[in-house]
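The values are calculated or read from the model by the stated rules, or taken from the named source; none is laboratory data. Source: prediction; values computed, not measured. Glycine also receives a Cβ, built like all others from the backbone with ideal geometry; neighbour counts cover every protein chain displayed. Note: accessible area is taken over every heavy atom of the protein model, side chains too, but ligands, DNA and RNA are not part of it. Shrake-Rupley method; radii C 1.70, N 1.55, O 1.52, S 1.80 Å.
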Amino acid sequence: MSYGSSSRHPRRPRRQGGLRRARPAVAVLTALLLAGATGCNDSDPADDAKASAPGSGSPSPAASAGGRGPATSAPSQRPPAAKSAPASPPESSAPAKPPAPPAADGPLRGKVVVIDPGHNMHNQQHTAEIDRSVDIGTGRKECDTTGTSTNSGYAEATFSLDVAHRIRKILQSQGATVTLTHDGDRPFGPCVDERAAIGNKAHADAALSVHADGAAPGQRGVHVILPAKVKGGRADTAPIVEPSKELGERVLGRFVQTTGSIPSNYIGHNTGLDVRGDLGGLNLSTVPKVFIECGNMRDPQDAAQLTDDGWRQKAAQGISDGIREFVLSRS
C-alpha cells in the first residue's frame, strides 16, 4: 500500500456553419421584383460560396436547385449584395469517448460497484502534489503515496490497476455498473478524499480499494482493512462499519478460497482482518468500503504470485465473488 500512518514497515518510495445574413430591406424588395424577369435563384455569390464550402452545413447550389445549372442573369441586373459575416470556425474539441457498453443481464443488474486502484503509476513524477495534506475527517494526511513494488521493480500501482480492470470485466459481465476511481489517465492521484467522494457520489452498493503491501520478507498473506468507528470533522463511519465488515469478510473468504493464499501472518492475528481509523478513503466513505492488501510485494513467495498473470486473474475472481455475494445479500 500505502496511505498508512502505520509504522509496522517502511514504504518505498459546433462547429456551426455561418448563418446567412439578411439583406437590407431595399435589396430584398428589388430582388423579388427582378426575379420573375431574370429567372435567377435567391442566393447571392457570397452565399453560394458559403454553401459550397466544405462543412458549411448548407447544400450545394446544384443540390438546392434540384440539379439545375447556375443562374443566367447578368450581375448588373441585381442589386449589390450585403456581405455576409464569415462563418464561425469550428470549435475545437477532443474526440468523444465511446459510449459505455450497455449493462449485461445478470444478477447484479442495477447494482453499482466502485473499484479504487491503489496509488497511481505517475505519482512518482508528482511528489510535491501528492505530498500535500488533505482533510481525512479526523485529521490531515498526504494526498496519496507512490506505493511499493517488488524487488524486481513491479509496481503496486501497476498491479492494482491490472486487478481493477479484471474485476470490472467480471462484474460488468454480471450486470453491474462498475466505476474506477481512476484508470491510469491522471497525472497523479486522485487524493484519498476524492477517492472516497467518487464512491459516495456514485451511491455505490459496495466500494473496494485494491492494494499490495510492502512489509518485510517472511511476512506473507492477504489481509482486508475495515473502517473503524470514527467521528470527527467530515468523518462519521458509524453507518458503514457493520456492512463494511460483512463486505470484508466475504471478500477475504472468497479470495483465500480462489487463490490459495493464506490470511496474513503479520497483521490481524491470523484472521486476515485489520481495523483502521487513519485512512481517508475509509473515514470519508458513506458507502460500505474496504481495502484489500493482496499480498506482500517484498516477500519472494508472495511476489511470485502477485507478478503472475494467472494468479492475478484468480485474485480478481475471488474479490468479485465476494463483492457479488455481499451485494446480493443486501438486495
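Remarks
- Summed over the range 241-282, residues that are in contact with a Lys or Arg (Cβ under 8 Å, 6 or more places away or on another chain), assigned to a helix (DSSP H, G or I) and open to solvent by less than 10 Å² (accessible area, probe 1.4 Å) total 5.
- Unmet criterion (only one of (1) small (G, A, S); (2) closer than 16 Å to V251 by Cβ; (3) surrounded by fewer than 21 Cβ atoms within 10 Å (Cβ to Cβ)) for S209: (3)
- Applying the set (1) crowded, with 20+ Cβ neighbours inside 10 Å; (2) out of contact with any Phe, Trp or Tyr (no Cβ under 8 Å at 6 or more places or on another chain) to H203 leaves exactly one unmet item: (1).
- Within the option set A235, A197, being open to solvent by 30 Å² or more (accessible area, probe 1.4 Å) and over 26 Å from S152 (Cβ atoms) holds for one residue only, A197.
- Test for V327: is it under 22 Å from the mean Cα position of the chain (by Cα) and assigned to a loop (DSSP other than H, G, I, E, B): no
- The set of residues in the range 118-161 that are surrounded by fewer than 24 Cβ atoms within 10 Å (Cβ to Cβ), of a type in the set (A, V, I, L, M) and closer than 15 Å to E194 by Cβ comprises I130, V134.
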